[in-house]
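The values are calculated or read from the model by the stated rules, or taken from the named source; none is laboratory data. Here the structure is a predicted model, which is why all the values come from computation and not from measurement. Every residue, glycine among them, receives a Cβ derived from its backbone with ideal geometry; neighbour counts consider all protein chains shown.
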Amino acid sequence: MVVSGAIRLLAHAELKLGGSLLRLVSEDLGQELECANALGLQLDGRLDLLKAGLRMFPVTGPCALTTRSDAPPGSGLGSSGALDVALVACLAAARRERFDPRETAHQAWYLETVEAGVPGGKQDQLAAALGGFHRFTFHDPDVGVEPLTLDPAFSAALERQTLLCYTGVSRVSGQTIARVMASYEAGDPGVTAALRGLKEAAAGMTEALRAADLGRVAVLLSENWCYQQALDPAMRTPEMARLEAALAGAGVLGGKAAGAGAGGSMFFLVRDLPRAADTARAAGARVLPVAWASEGVRAW
């Protein structure tokens, strides 16, 4: 079970037809490559998501495929899942194919986990494709999707009191997920208990959001973070520990790592956002904007 809220840090994919070569560009990573034709789209660690996208949705003739994200690379904010969604929507539109948001999310998950070979779940792609707040329940291969409608005043307060910080250290969630899965498959009782705790925290979060209970939301964020750390010792990096210590005296109500942890971003519920943001910057973190995104994927 996963509870998610989409924020307006967008992933973008743009396709331009024409030219003489296939040109792939990631503006975030500062990487680009060119190849004569689709035979050059072999996965070798360079722009593999873009290559996988063009392998899934071939485009006739030369073209330039460019991606960028408003979130820092490796931020833990589901940015690769959002990029998957943007790629699927963009390339499908170029082929005059249209998917509804849930099908777009499924195709995006397939792109990353099967075509590109990066292990991961389906929640990031669903959150990006749908927008808004949702509770996702997983009974593989099925996913239950339940929209959560927040009281407007509570939603505004939650947005106003959420501090989102990029720690400056990127991470690749696939490595963390692979370690956790190996421990789970080996029957590690600590990992199994932590996974059960995460599910219970998500169930509680659903009710706290519906009840507009900001204090309970904060407590559950911190509980979730404790369970995350129990999954894998590398979840809490030194940069995360320093940020938490700095914010401890700045009116933090609760907080956790975004995504899988082990680097990337953390977010906190705070009493005084300007004060907490200044403290986070002084600790070396980059403060990112928080605004809820009610709308999901768009293609044109």
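Before we move on, is Ser69 buried (at least 19 other Cβ atoms within 10 Å of the Cβ) and assigned by TED's automatic domain parsing to the domain that holds Ala128?
Answer is yes for this residue.
Given the criterion surrounded by 20 or more Cβ atoms within 10 Å (Cβ to Cβ), in a loop (DSSP other than H, G, I, E, B) and in contact (Cβ under 8 Å) with a residue 24 or more places away in the chain, identify the matching residue among Gly263, Gly255.
Unique residue meeting the criteria: Gly263.
Name, by its number, the condition in (1) within 18 Å of the chain's Cα centre (by Cα); (2) surrounded by fewer than 18 Cβ atoms within 10 Å (Cβ to Cβ); (3) at pLDDT 95 or above that does not hold for Phe268.
All conditions pass for Phe268, except number (2).
Is it true that some residue in region 72-90 is under 30 Å from Arg286 (Cβ atoms), touching a Phe, Trp or Tyr at 6+ places or on another chain (Cβ under 6 Å) and in contact (Cβ under 8 Å) with a residue 24 or more places away in the chain?
Yes; the residues of region 72-90 include at least one that is under 30 Å from Arg286 (Cβ atoms), touching a Phe, Trp or Tyr at 6+ places or on another chain (Cβ under 6 Å) and in contact (Cβ under 8 Å) with a residue 24 or more places away in the chain.
Which strands (runs of 3 or more DSSP E) does region 121-196 wholly contain that include 3 or more residues that are within 19 Å of Arg236 (Cα to Cα) and either at pLDDT 95 or above or over 20 Å from the mean Cα position of the chain (by Cα) (or both)?
By residue number, 162-166.
Pairs please, first residue from region 122-142 and under 20 Å from Ala203 (Cβ atoms) and assigned by TED's automatic domain parsing to the domain that holds Ala202, second anywhere and in a strand (DSSP E or B) and of a type in the set (Asp, Glu), Cβ atoms under 7 Å, 6+ apart in sequence or on different chains.
Matching pairs, first to second residue: none at all.
Being out of contact with any His (no Cβ under 9 Å at 6 or more places or on another chain), surrounded by 15 or more Cβ atoms within 10 Å (Cβ to Cβ) and more than 30 Å from Leu54 (Cβ to Cβ) narrows it down to one of Leu158, Leu77, Leu91, so name that one.
Working: Leu77 fails: more than 30 Å from Leu54 (Cβ to Cβ); Leu91 fails: more than 30 Å from Leu54 (Cβ to Cβ).
After ruling out the rest, the residue left standing is Leu158.
Listed here are the residues, each with its yes/no results for (1) at pLDDT below 95; (2) within 30 Å of Arg236 (Cα to Cα); (3) touching a Pro at 6+ places or on another chain (Cβ under 6 Å).
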site	(1), (2), (3)
Val3	no, yes, no
His12	no, yes, no
Leu39	yes, no, no
Arg46	yes, yes, no
Gly61	yes, no, no
Ser75	yes, yes, no
Ser80	yes, yes, no
